[in-house]
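Report on the following structure.
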Amino acid sequence: MADAVLEAVLERITFANEETGYTVARVDPGRGGDLVTVVGSLLGAQPGESIRMRGRWGSHPQYGKQFHVDDYTTVLPATIQGIRRYLGSGLIKGIGPVLADRIVTHFGVDALDVIEHEPQRLIEVPKLGPKRTKLIADAWEEQKAIKEVMVFLQGVGVSTSLAVRIYKQYNDKAIEVVREEPYRLANDVWGIGFRTADLIAKAVGIPHDSPQRVKAGLQFTLSEATNDGNCYLPENELIGDAIKILQVDAGLVIECLAELVAEEGVVREIMPDGEPGIYLVAFHRAEISLASQLLRLLRTDEERMPAFRQVDWDRAFAWLGASLEDKQRDAVRLALSRKVAVLTGGPGCGKSFTVRSIVKLAVAKGAKVVLAAPTGRAAKRLTELTGHEARTVHRLLELKPGGDAAYDRDRPLDADLVVVDEASMLDLLLANKLVKAVAPGAHLLLVGDVDQLPSVGAGEVLRDVLSAESPIPNVRLTHIFRQAQQSGVVTNAHRINNGDYPVVQGMPDFFLFPVEEAEEAAALVVDVVANRIPRKFGLKPRTDVQVLAPMHRGPAGAGGLNALLQEALTPSKPDLPERRFGGRVFRVGDKVTQMRNNYDKNVFNGTLGIVTAIDVVEQKLTVRTDEDEDVDYEFGELDELTHAYAMTIHRSQGSEYPCVVIPITTSAWMMLQRNLLYTAVTRAKKLVVLVGSRKAIGQAVRTVGAGRRHTALDHRLARLV
């Protein structure tokens, strides 16, 4: 059918796919009839806007007549009613329905013209002072500039939020950077990776075989590898992966890699197996630094806890007034007499009691003790355990915008003993920042369960420092205490870790609801979380229960479950504001999690919280975090948040919940591994509910894992001995 043009006011968005931009919306053509359904790419359009859409009419067998949108532009409304609706829609920060009505009442059809050309006249509106007038004028100008960038990016499918970020990163130079150096976006703008930058580069005419493109592709391939946990890639593997991504000749990739090495854009090093490995510069520096800093601490002659050089340990243990088994005693001695030590072990083996004993003895001798953990929940648990304040590692180091720490080798922490719990979560970059900040002569104790999943970020720090070649002393607790043996959670965690099928019958705190199909499992998970657990155990579904899925995608994945659980626990209500962002709708009461480290807001990847307010006039959403702090997000920043009724097991590391519900079906077959299921089960304090297939559970228990990541910290530690 021939192209047609439809002008209408966007009334509501009923569906939006944030990855593809495909949108289903209802619009009002203003002819006094019914609303019209439009489908297609409407990235950036917001309810209340007047839009001119180019496309074609069609008919859907189920939904009837529809307009298929190829592209659109926004147009300013010309009628009093349209202007009032446009200004009151929340598009312009600082203007809500009440103020919009006052502005339109005062200026009539000239209202938009006044804001555009004579914003100082807004002061004529009753109860509108100079400060608010300036804010509105600035917001209007910014909206115009962002729209210009959005129009430019629309053809390559870049979302509104990314257009906003691009504008805020480069301001007036935004379009110039996008045209001339599109691959810069992948490094400078959070949320833009190589693939998006590559689409933009193609649209602005950068050749497929441009060295600029190939070098960016090589760095992207290494960056993806770090996202998978690797600190480097073997050279041949890097070249092979880059060729698949870039679809160019091997010779060109090899040539550009050599240039990158010469330009110090990446580092090439012969690894212990004799093959060359390629690092991104930051990861190479961090790995070398972490190894040398650990050994510096271990070997220094300085001592900040001299009281423990000569100790009557039997008397010290008697003073504690509690019985410690032999390995626990070894761990206490090690932590207080050696400068760097590691304590590891599974649930129920007494790690917590051992840490409490170490802290108690250190404090009794007047030592300054600092406690930290990678997540807010883990820090809160450490505080409860020891009676001393624990902070997240990020807050302890006072990480600043850009990722630099306030505390480092030149300004170390004022601490005699630094204890870091959940150390399996420490990735290479964070561990390096932390160890740099420990003062010479201070003691560092890393505590964690090495059998859990490794860190989300690059590296296997805990495993590397526990390797056979490592000089770092350690104790592994293996004895399961009698009280812990009565727990189905602890018993089954150890069974899974030993490769045995969990006991799923006759346990008061460990259950299996058998179901084969992923869709059935998803529906059952919702019923278990929303109804059965609250009814039987009195737990609150939003704050006490956490759904942990092996993967994000699929019917029983975290993404699909979040949509179902939100509908069950936080449904839409006419009297409560909500905000759509891409494919997600945020509502007051939603459980959410932060997706990246934001040093400006002092909120970090993995932080959980509840949405407590949505202000459509000021265009902000407020989250109360699990660290009891209120964090504001502008509507353009909502891609930093995702729903957290369900999350992947990887994202749950370091956190603990009263109850975990684990959907485990054969649809996640490739992800099912022993340490994945073990990590999920050990996140529960009181109750575990498995929902899924016995076959899938068996596969997870049998499958040991995909092997080691590409790291060299263990070899560097051994080499420096």
Helix 160-170 versus the longest principal axis of the chain: what angle, 0 to 90°, nearest 10, using Cα atoms? 80 degrees
With only alpha-carbon atoms counted, please give the Rg and Dmax of region 245-378, in Å. 23.1, 71
Take the solvent-accessible surface of the protein heavy atoms, probe 1.4 Å, and return the percent of it on the chain that carbon and sulfur atoms account for. 49 percent
Hull surface divided by four, with the convex hull built on the Cα atoms of the chain: how many nm²? 35.9 nm²
Keeping every protein chain present and rolling a 1.4 Å probe, give me the accessible area per residue for region 298-455 in Å². 40 Å²
Could you work out the relative contact order of the chain? I mean the mean sequence separation of Cα pairs under 8 Å and 6+ apart, divided by the number of residues, in percent. 11 percent
Gyration tensor on Cα atoms of region 404-501, a ≥ b ≥ c root eigenvalues, a/c under 1.5 rounded, else prolate if a/b beats b/c, else oblate, says prolate
Nearest 10, in degrees from 0 to 90: the angle of helix 558-569 to the longest Cα principal axis of the chain is 70 degrees
Distance from region 426-450 to region 191-225 (C-alpha centre basis), Å: 35 Å
When all Cα-Cα pair distances of region 519-643 are considered, the percent exceeding 23 Å is 33 percent
What pairs in LYS360/LYS685; LYS540/LYS686; LYS144/LYS601; LYS131/LYS601; LYS93/LYS168 have C-alpha atoms more than 18 Å from each other? LYS360/LYS685; LYS144/LYS601; LYS131/LYS601
When the helix-only estimate is applied to the chain (DSSP H runs of n ≥ 4, each -39,500 (n - 2.57), divided by the residue count), what is the mean residue ellipticity at 222 nm, nearest 500 deg cm²/dmol? -11000 deg cm²/dmol
Please compute the Cα-Cα pair-distance distribution of region 366-410 with 5 Å bins starting at 0, giving whole percents from short to long. 5, 23, 24, 21, 16, 9, 2, 0
I'd like the accessible area for ARG532, computed on protein heavy atoms only with a 1.4 Å probe and all protein chains in place. Round to 10 Å², please. 90 Å²
LYS244: which lysines have alpha carbons under 26 Å from its alpha carbon, excluding same-chain residues fewer than 8 sequence positions away? LYS202, LYS215
Going highest first, how would you order 216-223, 55-62, 4-11 by mean Cβ packing within 10 Å? 216-223, 4-11, 55-62
Can you give the accessible area of VAL420, probe radius 1.4 Å, in Å² rounded to 10? 0 Å²
Just the Kirkwood number for region 54-118, please: inverse of mean 1/r across all distinct Cα pairs, in Å, one decimal. 13.9 Å
Determine one quarter of the surface area of the Cα convex hull of region 564-700, which equals its mean projected area, and express it in nm² to one decimal. 9.5 nm²
I'd like the Karplus ³J(HN,Hα) series for region 621-634: coefficients 6.51, -1.76, 1.60, θ = phi - 60°, whole numbers in Hz, and an x wherever there's a Gly or Pro. 10, 10, 10, 8, 7, 6, 9, 6, 10, 8, 10, 9, 10, 5
Give me the angle, in degrees from 0 to 90, between the Cα long axis of helix 281-299 and the longest principal axis of the Cα atoms of the chain, rounded to the nearest 10. 30 degrees
Whole-angstrom Cα spans of region 184-294 along principal axes, big to small: 48, 31, 24
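The values are calculated or read from the model by the stated rules, or taken from the named source; none is laboratory data. From a predicted model like this one, the values you see are computed outputs, not experimental measurements. No Cβ is skipped: glycine too gets one built from the backbone with ideal geometry, and neighbour counts run over all protein chains shown. Side chains are part of the model used for accessible areas, which takes the heavy atoms of the whole protein and leaves out ligands, DNA and RNA. Shrake-Rupley method; radii C 1.70, N 1.55, O 1.52, S 1.80 Å.
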